[in-house]
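Working notes for the structure below.
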Amino acid sequence: MSIRIDSEYGILTLHTAHTTYQMQIGRGGHLLHVYYGPRAEGMFARSIVPADHGFSMNPYEIREGRNYSVDQLPLEYPGSNIGDFRTAAVDLISDKGICGCDFRVRSYDTEKRVYTLRGMPAARDPEAESETLHVVLTDEATGLEAELQYGVFFEKDVITRAVRLKNAGDHAVTLLAAASMCLDLPERYTERIHFYGRHTMEMQEERCVLAHGIQTVSSGRGMSGHHHNPFTIICEENTTEEQGWCIGVMPVYSGNHRTDIEVDQKESVRVVTGINRDTFTWRLEPGEIFETPQVLLTFSREGLESLSQQMHRFFRKHILRWPEEWKKPPVLLNSWEAVFMDFDEKRICALAEQAARLSADLFVLDDGWFAGRSSDTRALGDWTADTEKFPHGLSAVEEAVRDHGLSFGIWIEPEMVSEDSELFRKHPDYALRVPGRNPVMGRDQLVLDLSRQDVVDCIYGQIARLLEDGGIRYVKWDANRNLADLYSMALPPDRQREVSHRYVLGMYNLMERLISAFPHVLFEGCAGGGGRFDAGILYFFPQIWGSDDTDAVARLSIQRGYSFGYPPECVGAHVSDVPNGQTGRTVPLSLRALTAMSGTFGLELDPARLSEEEKEELRRYVGIYRKYAGLIRTGVYSRLRGERGLDPLFAWEIRAEDASEALVFAADTDPQANAKAVTWYLRGLQEQAQYRLTCVEPETVQAGDRTLSGQIFSGAELMQGAFATRPFSGNAPAALYYFERIECE
Ligand code: DGJ
C-alpha cells in the first residue's frame, strides 16, 4: 500500500518505491508538510520544534506560549490573510468582502484509482498502478473547500498534485490566486535549476543559489513560452548528476505558469507552483468548482541523472501516447527549410520524390500550402488548399506522396487568424481584441479566442474536414505568437481575467477532440520551435519541435536542456542544410545527423542541393537511426558531458533498461590543439559483464596506437575510465559509440 493513514496522530504518508512524502494534521487543524525525501518509515512531525517566533502571530485558539505560528510552520496548502506572510497558494475576495482564506482539514480518504481533471491533462494510468489520496480543507468564513489530490505512482517515484476548489458557501468568491501546490522544504535546499531561453535558443540550463525573498520562474505570454520552461529543479549545493538531494517540479500546463521559490527569515524554502496569478482571476458562484492544473513531483537522493530518468520513465508510461501505427517512429522530410513558401505542386512532388530516395517514411508539407498564403502576413484561418499552387487540389499531392511510398503530413496553425483571411472577414469578433484599442500584432497575425466554445467548434470543423478523408497521417501544429489583448466578447466584465486560462481549456478541448476523432494521426506540437514545450501539450501530442534553430551546435545545449525533464523521443530534431539558416554556421553532416538522432530524427533540407555522395551519406545516417531508434526511444538517459556551457564537449549515453547495450553520443564544439585524450566514464552498466565496442561514427577510432572498434571492456572498465579516445579534432567533430553486452566464453 502506498498510502498510509495514522488517524491517531493525524499522519498521512505517501510511499513510492524510493521516496516518502508525509503530512500531519496540526493542532489547529492546519495541514502541515513534514517530509519529502528518501523512503523512510517514521514520524517526521517530530522535526517541528515549538519555539517563540518574534513578529509571527498565533492562531486565536493556540496562542498560549506563542510558539505555534502559521508563519513558521511548513504548510501543505496555505491560504492568505491569516498571519502567514509567505507566498500563499490561494487568495480570494468574496462578494461579502472577505479577503483570503484560513484552511483547516475537514476530512480525508483514499482511492485505488487515478484522479482525472475536467478538461485538463492529468497523468494517465493505463495499468491502474496508482492510488489517490484526497484531503479536504475548508475555510469557515467563505465556505471555500480545497480538495487536495495526490496521485501516488509507486514504481515511478512520482507524486502528482492538483486541487479542486469548491465554493460551498452562500456568496460568490473571486479567486485571485489558485496554485496547484505548495511545498515547504527545509533549509538544506539552497539552489534551483531552471531553463531560460528565447526564440531559437530554448532550454538553457541555469543554476542559481537561492536568496532570501522570492525568486520566480514564470510566463505571462499565454503559453508556457520560450523564455522560462515550466520545469524547475530544487536541489542542494552539492547536488551533481550522480549524487545529492533534488526535487523536480513539472506543471502539466501550457499557459501562464508560475513557480515562486521563497526563502524565509529562517531559511525555510517554500515552493508554490501553478497558474500565474498575475494574469488570473476566477469567479466562483456558490456551488461552482475550479480545478487547478496538475503538477508532477519527483524526488531523488542520487542527483540529477536519476531525477531525469524518473521523469522520462513517467512520461513514457503516463503522459505520452503514440498512435498505434507510429509506435515505430517515422523518419520525415519537412518542407520548411527546404523550400519555405516558394513552391507549387511540381516542386513539392519533386521534393517528395527526393525524400523517398533518401528512404524517409513521411513527407510533411509545411507552411504556405493554403489559399492565399503567399507570405506570412496573410491567410491564416482558411484551411483549404491554394488552387494556384495546387490546381489539382491537395489530394493530388497526397497521391503523389503515397506513390513514392511515403505517408503524408501537413502543417497548420489553427489557433491564429490573419486580418487578410476569409475567416476574419466573416468573424472579426473571433480574434482576441480589447474594445477601443488597436490589437497588438505578432508575425502580422491575431490569436483566435479559444475561450469561446463556438470558436473552438468552428476550428474543430475546419481541421476535421482537412483530416476526414484519412490521407493525412501527421499534423504539425504551430503557434507563432504569444497572447496579448486578453478580452473575450463572450464574457462579462468581471470574468475578463479568466480569458488566458479559459483559452488553454479551449485549446485542450480542441486537441482532445481531434486526437480522439483521428487516432491514427501523429500530431507534433510547435510554437515557433519550443515556445510551448510542456507536459500539457505532450499529453496530447507526443512530440514537439524543439527549436527553430536547427544549427547542430546550438541544438546540443538546447537538447541537453530538454533532457532534464523530457525524454529524447519527444524532442523534434532534424538534419538541416549548411550554412545553417539561423546561425550561418557550417558543420559536418555527421554532427547534424547525430544531434538529430538524439531527438526524433527528421530531414529539413532540399536533397536536390546535395551531391550524390552527400545523399549516400545521409541515407547511411537514416539507416543508423533506424537501427538504434528503439533503444533511443526506450533507453535510460545519462548526461555525460556538456555542463552548463562550461564544458564544450557534449556527450550523453542511452542504454537499455537491462544494461544489455548502450549508445554514447559525443560532439566537441571547441577542439583544442595539444589536447589530452578523452577519458569516458559510462553509467549504469553491469560491472562484471563484458561489452563489445563498435565505433559507429567515425567507423574507426584510435586510442593511443589501438583501433578501438571490436575491443572488449568490462562494465567496470567502461564506468571507471578504461575507455579513452584520442582528443577530438576538426570542425565540430562528433562520434557515436555502441556497446553490446556479450556472453562470456
Ligand atoms: C515556425 C516553425 O517552428 C517552423 O518550423 C515553420 O513551421 C514555420 N513556423 C512556418 O511558418
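Hey, among 202, 147, which residue is under 20 Å from residue 537 (Cα atoms) and assigned by TED's automatic domain parsing to the domain that holds residue 45?
202
Residue 106 fails exactly one of the following numbered conditions: (1) at pLDDT 95 or above; (2) not in a strand (DSSP E or B). What is the number of that condition?
Every listed condition holds for residue 106 apart from (2).
If I ask for residues that are surrounded by 20 or more Cβ atoms within 10 Å (Cβ to Cβ), more than 13 Å from the ligand (Cβ to nearest atom) and not aromatic (Phe, Trp, Tyr), which ones from region 359-381 would you list?
If the condition is that a residue be surrounded by 20 or more Cβ atoms within 10 Å (Cβ to Cβ), more than 13 Å from the ligand (Cβ to nearest atom) and not aromatic (Phe, Trp, Tyr), then 360, 361, 362, 381 are the ones that fit.
One line per residue, one yes/no per condition, for (1) more than 22 Å from the chain's Cα centre (by Cα); (2) more than 16 Å from the ligand (Cβ to nearest atom); (3) in a helix (DSSP H, G or I):
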{"position": "248", "(1), (2), (3)": "no, yes, no"}
{"position": "261", "(1), (2), (3)": "no, yes, no"}
{"position": "267", "(1), (2), (3)": "yes, yes, no"}
{"position": "283", "(1), (2), (3)": "yes, yes, no"}
{"position": "312", "(1), (2), (3)": "no, yes, yes"}
{"position": "318", "(1), (2), (3)": "no, yes, yes"}
{"position": "322", "(1), (2), (3)": "no, yes, no"}
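Please enumerate the residues belonging to region 25-40 that are part of a loop (DSSP other than H, G, I, E, B), in contact with a strand residue (DSSP E or B) (Cβ under 8 Å, 6 or more places away or on another chain) and surrounded by fewer than 22 Cβ atoms within 10 Å (Cβ to Cβ).
28, 29, 39, 40, listed by residue number.
Table: residues versus (1) hydroxyl-bearing (Ser, Thr, Tyr); (2) under 27 Å from the mean Cα position of the chain (by Cα); (3) under 21 Å from residue 522 (Cα atoms); (4) at pLDDT below 95.
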position: 350; (1), (2), (3), (4): no, no, no, no
position: 406; (1), (2), (3), (4): no, no, yes, no
position: 431; (1), (2), (3), (4): no, no, no, no
position: 449; (1), (2), (3), (4): no, yes, no, no
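Being under 26 Å from residue 480 (Cα atoms) and more than 14 Å from the ligand (Cβ to nearest atom) is the filter here, so list the residues in region 399-417 that pass it.
407, 408, 417
Based on this model, can you work out whether residue 614 counts as more than 16 Å from the ligand (Cβ to nearest atom), surrounded by fewer than 18 Cβ atoms within 10 Å (Cβ to Cβ) and not in a strand (DSSP E or B)?
When the stated conditions are applied, residue 614 passes them.
Name the pairs whose Cβ atoms lie under 7 Å apart, with the first residue in region 83-104 and without any contact (Cβ under 8 Å) to a residue 40 or more places away in the chain, the second buried (at least 23 other Cβ atoms within 10 Å of the Cβ) and small (Gly, Ala, Ser), and 6 or more positions between them or separate chains?
Between residues of region 83-104 that are without any contact (Cβ under 8 Å) to a residue 40 or more places away in the chain and residues that are buried (at least 23 other Cβ atoms within 10 Å of the Cβ) and small (Gly, Ala, Ser), the close pairs are 100/79; 102/79.
Closer than 29 Å to residue 92 by Cβ, at pLDDT below 95, surrounded by 12 or more Cβ atoms within 10 Å (Cβ to Cβ) and not aliphatic (A, V, I, L, M): is that true of residue 21 in this structure?
No; evaluated as a whole, the condition is false for this residue.
How many residues are surrounded by fewer than 17 Cβ atoms within 10 Å (Cβ to Cβ) and either not hydroxyl-bearing (Ser, Thr, Tyr) or not in a loop (DSSP other than H, G, I, E, B) (or both) when one looks only at region 583-594?
3
Among the listed residues 588, 579, 567, which satisfies the condition of being over 24 Å from residue 618 (Cβ atoms) and either modelled with pLDDT of 95 or more or among the acidic types (Asp, Glu) (or both)?
The match here is 567.
Take region 538-548 and flag every residue that is surrounded by fewer than 24 Cβ atoms within 10 Å (Cβ to Cβ) and away from the ligand (no atom under 16 Å from the Cβ).
Correct list: 538, 540.
Taking the residues in region 327-344 that are away from the ligand (no atom under 16 Å from the Cβ) and crowded, with 19+ Cβ neighbours inside 10 Å as candidates, determine which candidate is nearest to residue 177 (Cα to Cα).
Step by step, filter region 327-344, then rank; the result is 329.
Determine whether region 10-18 contains at least one residue that is part of a strand (DSSP E or B), over 19 Å from residue 296 (Cβ atoms) and of a type in the set (Ser, Thr, Tyr).
Yes, because at least one residue in region 10-18 is part of a strand (DSSP E or B), over 19 Å from residue 296 (Cβ atoms) and of a type in the set (Ser, Thr, Tyr).
To keep it simple, each residue is scored yes or no on (1) buried (at least 24 other Cβ atoms within 10 Å of the Cβ); (2) free of Cβ contacts under 8 Å to residues at least 60 places away in the same chain; (3) not hydroxyl-bearing (Ser, Thr, Tyr).
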{"residue": "536", "(1), (2), (3)": "yes, no, yes"}
{"residue": "550", "(1), (2), (3)": "yes, no, no"}
{"residue": "566", "(1), (2), (3)": "yes, no, no"}
{"residue": "572", "(1), (2), (3)": "yes, yes, yes"}
{"residue": "577", "(1), (2), (3)": "no, no, yes"}
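Pairs, please: C-beta under 7 Å, at least 6 apart or cross-chain, first residue within 21 Å of residue 619 (Cβ to Cβ) and outside the structural domain of residue 573 (by TED's automatic domain parsing) and in region 337-355, second away from the ligand (no atom under 16 Å from the Cβ) and modelled with pLDDT of 95 or more?
If the second residue must be away from the ligand (no atom under 16 Å from the Cβ) and modelled with pLDDT of 95 or more, no pairs are left.
Out of curiosity, is residue 227 free of Cβ contacts under 8 Å to residues at least 60 places away in the same chain and in contact with a Gly (Cβ under 7 Å, 6 or more places away or on another chain)?
Criteria met by residue 227.
Tell me yes or no: at least one residue of region 685-697 is crowded, with 20+ Cβ neighbours inside 10 Å and either assigned by TED's automatic domain parsing to the domain that holds residue 555 or charged (D, E, K, R) (or both).
Yes - at least one qualifying residue is present in region 685-697.
Any residue that is of a type in the set (Ser, Thr, Tyr), buried (at least 22 other Cβ atoms within 10 Å of the Cβ) and more than 16 Å from the ligand (Cβ to nearest atom) - is there at least one of those in region 448-459?
Taking every residue of region 448-459 in turn, at least one turns out to be of a type in the set (Ser, Thr, Tyr), buried (at least 22 other Cβ atoms within 10 Å of the Cβ) and more than 16 Å from the ligand (Cβ to nearest atom).
Filter region 473-504 down to the residues that are within 16 Å of the ligand (Cβ to nearest atom) and within 30 Å of residue 408 (Cβ to Cβ) and list them by number.
Hits for region 473-504 are 474, 475, 476, 477, 478, 479, 480, 481.
Go through region 376-392 and count every residue that is within 31 Å of the chain's Cα centre (by Cα) and at negative phi.
The qualifying residues number 6.
Starting from residues that are in a loop (DSSP other than H, G, I, E, B) and touching a helix residue (DSSP H, G or I) at 6+ places or on another chain (Cβ under 8 Å), keep the ones in region 232-246 and report whichever is surrounded by the most Cβ atoms within 10 Å (Cβ to Cβ).
239
Within region 712-720, identify whether any single residue is surrounded by 14 or more Cβ atoms within 10 Å (Cβ to Cβ) and within 15 Å of residue 675 (Cβ to Cβ), and answer yes or no.
no
In region 587-611, how many are more than 15 Å from the ligand (Cβ to nearest atom), within 26 Å of residue 348 (Cα to Cα) and under 30 Å from the mean Cα position of the chain (by Cα)?
Within region 587-611, residues that are more than 15 Å from the ligand (Cβ to nearest atom), within 26 Å of residue 348 (Cα to Cα) and under 30 Å from the mean Cα position of the chain (by Cα) number 5.
For residue 328, work out the one condition from (1) modelled with pLDDT of 95 or more; (2) of a type in the set (D, E, K, R); (3) assigned to a loop (DSSP other than H, G, I, E, B) it doesn't fulfil.
(1)
Test of understanding: among 644, 726, 706, 639, which residue is of a type outside the set (A, V, I, L, M, F, W, C) and buried (at least 16 other Cβ atoms within 10 Å of the Cβ)?
Going through 644, 726, 706, 639 in turn, the sole match is 639.
The values are calculated or read from the model by the stated rules, or taken from the named source; none is laboratory data. Being a predicted model, the structure only gives us computed values, none of them experimental. Glycine gets a Cβ as well: all are built from the backbone with ideal geometry, and neighbour counts include every protein chain shown.
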